[in-house]
Amino acid sequence: MPKPTSMTDSLLSRLRRFLRREWRRAAATWATRAESAAVLRLVAAAAAAGVPAATMIDAWAEDSRGGQGTRLEKAARLLRQGATATGAVAAVPGLVQDDHAVALAFGERISLVGPVVRAALAGDDLLDPTVRRTFRAAVGYLTVVLLLFLTVAGYMALRINPMLLQILESFGSVRPATLDRWFWIINAVAGFLWIPFAVAAAAAVISFSPVIRRIVIRPWSRPRRIAAALDLLAVAETGGQPSSQSVTMLAECQVDPRLAAMLARVPGSGPLGKRLAAAGLVAPAEAAEMDAPDAAHALVLHQIAADRRLRSRRRVTAVSEAIVPAVIMVMGLLVLLQALTVFSFLTDIIDGQV
Amino acid sequence: MSDPANRPGDAAAGKPAATGSPTILERYLAEAVARHRDEAAFIRLVAAELPPREQPPWLAVADALATGDVHRGLAAATTGIACWIPLFASPRADPRLPTRLLQTAARRPHVAEARWLLLAYPLAISVLALGLLGFLSATVMTAFEALFQQFGMELPLATRAALAIRPFIASIWEPLFVVAGLVGLTWWLAVRWSAGSSVSTASFTRTLARLVAAEIPTDEAVLLAGRVVAAPALDRARPRRPLSFAAAAALDFAPRTAAILLDAVADCHDDRARGSLSLSQWFVGPVLLGVVGLLVGFITVALFFPLLNLVGALS
């Protein structure tokens, strides 16, 4: 029979190995936005300079840490064996993010990797730290405020309130109205206490499961992806690609099935604006602007994409900035009510004593 | 680049590779001063468009060019060698020089400003938290302690701990402020190091791209670019920051090809730098808010609980 210490050691080392393996698996599944963009930049630069992408990807692997370094080494190996950049990306899951994979595949399909990658990265809001910072700060504040509130409210409900009731019984007093109201609120809130825990559990599952994360995030990222698709079509238009072909190719490269279906619905003939509007990719007013007699399609497409990104960014910023003060105010009001209840209760008792 | 007589760095042809000797910088400065004396007026115009605190290095360059004084140029280069890079990398009457000068001037030190903002927020929260603690210890906690002593109550551990920190805070609030300042400074330096390293690497790589595109010999380009970010001597065979492996690999190709690749590598480092700043900015606020909330919550509960016990006992 093994000694207890060895058993503990063994358990600890197994736990450590398990955690390390899970961490690597979770962390090695996705490149960050900057890591993903780096792959695209290097592939595009290598194509523009006419040098093998494998050399630069391999060297960049030396400059990269963690899972992305390993993924880059694998990709470089595949590239040296003759794979295309799209093939290497497909063979190394997590090397680049979905939107970037679409841009790379589309660039290769229309033989315009450099311009397509430039357009995709220039319009990439997720590379801009401002939007991410606002959103993450909002989530961070919400988490902290909710945790603090739950801790205080839980302590009050479990420890303080029974004491108050006990004191009331000892005095033989009738419950003050404020205390009754407070208990009603506490009971009402307690009915929804499972929500924060469920949200936390869902967040944990989403963050550790790329497949689920992809499914959950997809609807939210669709407006951004439509804007990116319009940008890519503009690049193809500038590059002299027939729009019907480029729309079909973009649909084939898409990772979002619904967006792919929308692109597949674009009719093969007619003015470009009307065709895109028929598939729901642009609004009728935008289509009219695009189909105006002297309008440059590429320019208008870029403009529409930029407008959409701006609107989306404003929406995210506004929601992020509005949610935090609203939740803090609600929590503050509840805490104030709680404090007033307890103090008025104590005042009532002291008045009664006096 | 077609006229070899005007090509930057041609005076170095046939000479041994750079070994960190200051004469290389002097030589490039002398060549730049000789080639670009006519640009002094334009550089003054560029400087006039910049904020006042960013003007001095550009005005120093303009003065050195106008007077043709290399030693003045060398003095100017010690504080702002980045301003000289477009001049090193451009032949006489290069039509691209104004654009390059404007691009260099437009690259503002915004990261440093963001760092100061980063420092201001946690410091403000820390000062608020310490002030709140000081206020509580001087007023509320004193009254509660007297009350508890008057009734001779046995206090819970949390209350004893809360009351125990009162004299401690009263006695050490001055050193506490010093410690808070030091923590803030350390944190700022950590942020500066983590973000700054990527920023420096990006700046180094972009400068290197410009110098290599001008067909300046690689070792000399590495040396000059290293001076822009105040890096120690760098060796292509053993890359270390700010010379990344990718940049070293790019240097193996022909100058124009290398310049394209180096620009892409610089963009990658820029993305990294922006990401690291983003992390430090969104993370600090919520964490500090949580710490302050927990502190106040702990003291409130610790003082409140025995009060209820007291009322219960009285009842």
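The table that follows gives values for the structure above.
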| item | result |
| --- | --- |
| Odd one out for A:Thr86, checked against (1) under 30 Å from B:Arg238 (Cβ atoms); (2) assigned to a helix (DSSP H, G or I) | (1) |
| Pairs where the first residue, in region A:60-89, is without any contact (Cβ under 8 Å) to a residue 24 or more places away in the chain and the second is among the hydroxyl-bearing types (Ser, Thr, Tyr), C-beta under 6 Å, 6+ apart | A:Asp63/B:Ser244 |
| Filtered residues of region B:64-94 (kept if free of Cβ contacts under 8 Å to residues at least 24 places away in the same chain, touching a helix residue (DSSP H, G or I) at 6+ places or on another chain (Cβ under 6 Å) and among the charged types (D, E, K, R)) | B:Arg72 |
| Failed item in (1) free of Cβ contacts under 8 Å to residues at least 60 places away in the same chain; (2) over 14 Å from the mean Cα position of the chain (by Cα); (3) surrounded by fewer than 18 Cβ atoms within 10 Å (Cβ to Cβ), with A:Gly239 passing the rest | (1) |
| Residue within region A:188-211 that is free of Cβ contacts under 8 Å to residues at least 24 places away in the same chain and closer than 30 Å to A:Ile110 by Cα present | yes |
| Test for B:Arg256: is it modelled with pLDDT of 90 or more, outside the structural domain of B:Pro95 (by TED's automatic domain parsing), surrounded by fewer than 18 Cβ atoms within 10 Å (Cβ to Cβ) and in a helix (DSSP H, G or I) | yes |
| Any hit, region A:88-95, residues being crowded, with 20+ Cβ neighbours inside 10 Å and touching a Leu at 6+ places or on another chain (Cβ under 6 Å) | yes |
| Test: residue in region A:5-13 that is surrounded by fewer than 20 Cβ atoms within 10 Å (Cβ to Cβ), touching a Pro at 6+ places or on another chain (Cβ under 8 Å), modelled with pLDDT under 90 and more than 25 Å from B:Asp252 (Cβ to Cβ) | yes |
| Among (1) assigned to a helix (DSSP H, G or I); (2) more than 25 Å from B:Glu31 (Cβ to Cβ); (3) more than 8 Å from chain A (Cβ to nearest Cβ); (4) modelled with pLDDT of 75 or more, the one test that B:Val284 misses | (4) |
| Checklist (1) modelled with pLDDT under 90; (2) crowded, with 18+ Cβ neighbours inside 10 Å applied to B:Leu97, failing item | (1) |
| Selection within region A:316-333 - within 14 Å of chain B (Cβ to nearest Cβ) and of a type in the set (A, V, I, L, M, F, W, C) | A:Val316, A:Ile323, A:Val324, A:Val327, A:Ile328, A:Met331 |
| Counted residues, region B:212-253 - those being under 25 Å from the mean Cα position of the chain (by Cα), within 14 Å of another protein chain (Cβ to nearest Cβ) and at pLDDT 90 or above | 6 |
| Failed item in (1) facing chain A (nearest Cβ under 7 Å); (2) at pLDDT 75 or above, with B:Leu289 passing the rest | (2) |
| Matching residues in region A:107-131 - criterion: being touching a residue at least 40 places away in the same chain (Cβ under 8 Å) and within 7 Å of chain B (Cβ to nearest Cβ) | A:Leu127 |
| B:Asp271 vs. criteria within 30 Å of A:Val113 (Cα to Cα), modelled with pLDDT of 90 or more and facing chain A (nearest Cβ under 8 Å) | no |
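The values are calculated or read from the model by the stated rules, or taken from the named source; none is laboratory data. Treat the numbers as computed from the prediction; the structure is a model and nothing was measured. Note that each Cβ is placed from the backbone with ideal geometry, even for glycine, and that neighbours are counted across all protein chains shown.
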